[in-house]
Structures are given as C-alpha cells and as structure tokens.
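In what follows, a structure is listed as structure tokens, so that the remarks can point back to it.
Readers should treat all values here as calculations from the given coordinates under stated rules, not as data from a laboratory. Bear in mind that the values here come from a model prediction, so they are computed numbers and not experimental data. A quick note on method: Cβ atoms are made from the backbone with ideal geometry, for glycine too, and the neighbour counts reach across all protein chains shown.
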Amino acid sequence: MINFTYCNPTEIKFGKGQIAAIAELIPENARIFLLYGGGSIKKNGVYNQVMDALSGRVVDEFNGVEANPHYETLQVASRLAMLKGSTFVLGAGGGSVIDAAKFLAAMIATGKDDPWDDLLKHPEDVRPLPNGAVLTLPATGSESNPVSVISSVRRQLKVPFSNQAARPKFAIMDPTTMQSLSRRQLENGVVDAFTHVLEQYLTRPVNTPVQYGFSETVLEVLIEWGPKLVETRSEEACENVMWAANQALNGLIGAGVPQDWSTHMIGHAITAIYGVDHARTLSMIMPSVFRYCLNTKAPMLARYARRVWKSDQLDDVKAAEQAIVRTEEFMAHMGCPVRISQQDALEVDVEALVSHLEKAGHTELGENQDIRPEDVRKILSMAA
Ligand code: NZQ
Ligand code: ZN
C-alpha cells in the first residue's frame, strides 16, 4: 500500500426528508449564502424545503451557476457574499453547484476580487469558509470530497482545485430529489461514477485488497442498478445509485492505491473547448486509454474482467480486452458515446486539446506519470 491519510469528516444525512436537518447543521449565528443553478431546485421543491428549514435565519442567495461552473460567474457571487458578510456557503444542486460552493467558499476567504492564481497555484494555502451541500444529482461525489472543477471562460480552461478544508461540513443526500432529473442526467451520473471507480481501480496492482473489493462492489451496484434507475426510477434504484456515486469518489477506494486520472483530464479539455457533458467526454476517451495502456493495466483489467464481468478467460491480455468491450457496452447501454465521432458528429482539434492539457499543467498523466502529450495525441486518434 502507498502511505495515505484518510479523513472524511463530511456528515452525511441520507434519505427522504433530510433537507430539514440543515437547520441544526448550520451554526445558529451564521450568515448563509445559498448558491444554486439554473432553477431545477425551484421546480422540484428542493428550494422550498431549504427555505423552510432556514426560516428565521439570515440567508442571501445567488442563482445561475452553470453546468461546468464558470469562475467569472463565481466572481460576481463572491463580490455579493463579501458585501453581505457571509459566513457559511450552502450549495443546492448537482456537482456543478456543489463544486461552485466549495470554490466560492475559498474565493471569499482570500478577500480578493480575482484570486484565480492564488487558488490554483497554492490551493491548500487558503482556509475556506465552511460550506454544506444539498445534493440533487448523484454523479461526482463532490458532496463529500475536497475537489472543485472550475472553468474559466476567459482562459478557456477547465481545471480541478483541491483543498481538504473545502470538503462540505455536511451533505444532504435525499434520493427523492432525483425524480426530476432527465434520463440523460441520470445516465451521465451513472457513467461518471463508474469511471471514477475505474480510474482508481485499473492501475498497476498494489497490495490493497480491501480497496479493490470495495471498488468491485461499487461497480457491480452501478451495473445492476444504473439501468434500473433509468428505466424505473424506483426508490431502491435512486438510493443505491446515490450512495454508490458518493462512495466512488469520497476518498475511500482511492486510499493507498496509484490513480490514473488521464481520462478525466482529457475530458475536461473536451468540455472546456466543445462544451460536451462531463460524463460523455469520459466514455468517449476511457476505452482508448485502457487499450493504449494495456501493458501496465492488463493485470487489473483481467481481475476486473473476472470479478466484475465474470469472465473465465485465463489469459490476462484476452481477459483485459473482454473487460474493455464489456465496459464499452455498459457505457453505450447508458446512452453514452464510446468514440468521439459518436457524440453528435463532434470533431476535435487534437492540438487544441493538447494545448489545454499543457496550459492546465497536465503533461504527465497516468499512474506512472508517463502519459505525455505525444501519448495523448495517439489516444485521441484511437478514440476518434
Ligand atoms: O442548474 P440546474 O437548474 O440545477 O440544473 C442542473 C444542470 O442543468 C440539472 N439538475 C441537477 N439536479 C437536478 C437537475 N435537474 C432536475 N432535477 C434535479 N434533481 O442537471 C444539470 C447538470 O448538473 P451538473 O451539476 O452540471 O451535473 P453533475 O452533477 O454531473 O456535475 C458536473 C460537474 O462536476 C464536475 C464536472 O467536471 C462538472 O463540472 N466534477 C466534479 C468532481 C468533484 N468535485 O470531485 C469530480 C467529477 O469527476 C467531475 O469532474
Ligand atoms: Zn467525473
């Protein structure tokens, strides 16, 4: 095992009606800054539940956080929060809003109008304001992890920010909030969570049987319940996918294991330049990353084939290829493209994507930091 620190202090309140608990979870004397997106919480009743729980409290609000939240929008929110003297940020929505709330909490703490360089170059130097999350879309795990992914329109960049103190103090996970999600958002959520597990699980093998077994269970739950969720939206399916997506990226399965986030970093470049949904950028790239890295990944891909997909293939390389094909079939079944050309005739400019990775400082990707720009070019051509 690689040495690790594991500390996930986010208090999770899971289940129907749990939004009411925010009243006790947010300090009595807090000045609350409520952040949300384009209005889904107003239509599905989440906004009313939040406001009911906070009645009698001081709440300022800001709406209009975009999917793939824009730094420039958060600058406007930050000015307002600083003006109001906010002391607690509450995000209510999907991963974009929760990421935005965490990043905003850090922006406010800098006291600066344009803290991009401070936060991206020295992310752990700031002590963000406390924040909390009301999750309405299971996918990212943002509700209990330290990461925000922020896009700057001006810079044409989409980059991750991580600060341990930005982890939400609490996460409300009420699966009934998922009823208003579109089929596409549900499919995206399942595929995003699935890739989160694979990027921590399919690397070079180390001695982490607990993490591997847990990863396999999360994958099996998503394979079984993802399609049921999309077809039935049953209570059980909502509960199981919401919890699985959280466990996929809350730090537990990644503790002590080498990780390979190359698919995500290439995906962020595709979203930054072409605006493609996050999950769909992953499904179109990941199979090609696996094929390109078969030499290093074959042992774990073979384990994945045998344990998760129940392959009886004894040869590691053949089992690995089976696992990649089964993964593609699952992603396609969840409505996501497994090649770039399957995404509404998307055509990408490989050099623009490589230049995004260079600007973002992502030039040594993979569990062995050996996926360089020249490798990304080859991966993109395999994924075309
Ligand atoms: O803006 P509103 O009106 O709320 O609508 C949203 C948005 O249009 C809608 N939605 C959310 N909950 C809903 C709902 N519509 C109806 N009913 C509900 N209950 O869904 C749309 C997409 O929402 P978004 O938050 O963008 O989706 P998601 O949760 O997939 O988040 C994607 C963002 O998270 C980042 C991605 O890069 C992307 O920016 N990620 C964050 C990670 C993290 N913090 O660890 C890791 C991930 O890999 C990912 O990169
Ligand atoms: Zn993701």
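Rg and Dmax of segment 11-177 over Cα atoms: what are they, in angstrom?
That works out to 14.4, 41 Å for Rg and Dmax.
Order by neighbour count: 315, 277, fewest other Cβ atoms within 10 Å first, most last.
By the 10 Å Cβ count, ascending: 315, 277.
Based on other C-beta atoms within 10 Å, arrange 329, 143 from fewest to most. Present the calculation step by step, with values, prior to reporting the outcome.
On the way: 329 12, 143 31.
With the fewest neighbours first, 329, 143 line up as 329, 143.
Using the Karplus curve 6.51 cos²θ - 1.76 cosθ + 1.60 with θ = phi - 60°, work out ³J(HN,Hα) for each residue of segment 61-76 in order, rounded to whole Hz, and write x for Gly and Pro.
9, 9, 10, x, 5, 7, 5, 6, x, 8, 4, 5, 5, 5, 5, 5
Once you keep just the Cα pairs under 8 angstrom separated by 6 or more residues, what percentage relative contact order results for segment 230-328? Display every interim value, and only then the final one.
Details: 62 pairs, mean separation 18.0, N = 99.
So the answer I get is 18 percent.
Provide 297, 43 in ascending order of the number of other Cβ atoms located within 10 Å of each residue's Cβ, fewest first.
So the ranking, lowest neighbour count to highest, is 43, 297.
Residue by residue, what Karplus-based ³J(HN,Hα) values in Hz, rounded to whole numbers, does segment 285-300 have, using 6.51, -1.76 and 1.60 with θ = phi - 60° and x for Gly and Pro?
Once θ is set to phi - 60°, the couplings for segment 285-300 become 9, 4, x, 6, 4, 5, 5, 5, 9, 4, 4, 7, 9, 3, x, 6 Hz.
Which percent, to the nearest 5, of DSSP beta bridges fully inside the chain are antiparallel? The partial results should precede the final answer.
Values: 7 of 31 bridges.
DSSP beta bridges in the chain are roughly 25 percent antiparallel.
Using just the helices of the chain, give the 222 nm mean residue ellipticity in deg cm²/dmol: DSSP H runs with n ≥ 4 each add -39,500 (n - 2.57), and the total is spread over all residues, rounded to 500.
Using -39500 (n - 2.57) per qualifying helix, the result is -15500 deg cm²/dmol.
So what is the orientation-averaged projected area of the chain, using the convex hull of its C-alpha atoms, in nm²? Don't jump to the answer; show the numbers that get you there.
On the way: hull surface 69.3 nm².
Average of the hull's projected areas for the chain equals 17.3 nm².
Can you list residues from other chains, or at least 5 along the same chain, whose modelled amide H is less than 5 Å from the amide H of residue 313?
none
How big is the Kirkwood radius of segment 303-384, worked out from every pair of different alpha carbons and given in Å to one decimal?
About 14.8 Å, per the Kirkwood formula over Cα pairs.
May I ask you to list the chymotrypsin sites (Phe, Trp or Tyr not before Pro) in segment 1-105 that are in a DSSP loop and have at most 15 other Cβ atoms within 10 Å of their Cβ?
Hits after loop and neighbour filter: 4, 6.
Using DSSP to define loop residues, name the GluC sites (Glu not before Pro) in segment 3-81 whose beta-carbon has at most 10 other beta-carbon atoms within 10 Å. The partial results should precede the final answer.
On the way: sites: 11, 24, 28, 61, 66, 72; in loops: 28, 66.
For GluC sites (Glu not before Pro) across segment 3-81 that sit outside H, G, I, E and B with at most 10 neighbouring Cβ atoms in 10 Å, the list reads 28.
What fraction of the Cα pairs in segment 1-87, stated in percent, has a spacing above 16 angstrom?
64 percent
How many nm is it between the label spots at residue 121 and residue 377, if each spot is 7 Å from the Cα in line with the beta carbon?
3.0 nm
For residue 225, what charge total do you get from the other residues with a beta carbon under 12 Å from its beta carbon, if Lys and Arg give +1 and Asp and Glu give -1?
The answer is -4.
Once the Cα gyration tensor of segment 113-219 is found, what semi-axes does its equivalent ellipsoid get, as square roots of 5 times the eigenvalues, in whole Å, sorted largest first?
Rounded to whole Å, the semi-axes are 26, 21, 16.
What translational diffusion coefficient, to the nearest whole µm²/s, does segment 183-383 have by Stokes-Einstein, given a Kirkwood radius computed over alpha-carbon pairs, a temperature of 10 °C and 1.306 mPa s viscosity?
Result for D is 94 µm²/s.
Specify which residue in the list 103, 63, 188 is farthest towards the positive end of the charge dipole of the chain, using unit charges on the beta carbon of Lys, Arg (+1) and Asp, Glu (-1), about the Cα centre.
Result: 63, furthest along the dipole toward the positive end.
What is the list of residues in segment 320-360 whose amide nitrogen lies under 19 Å from a point 7 angstrom out from the Cα of residue 313, following Cα to Cβ?
320-333, 338-339
Length gain on complete extension for the stretch residue 344 to residue 52, per 0.36 nm per residue less the alpha carbon to alpha carbon distance?
Computed gain between residue 344 and residue 52 is 100.9 nm.
Find how much the distance from residue 332 to residue 384 grows on full extension, using 0.36 nm per residue of separation minus their present alpha carbon separation; answer in nm with one decimal.
Once the chain is fully extended between residue 332 and residue 384, it gains 17.1 nm.
Mind putting a number on the dipole of segment 183-383 about its Cα centre? Charges go on the C-beta only, +1 for Lys and Arg and -1 for Asp and Glu, and I need it in Debye to the nearest 20.
200 debye
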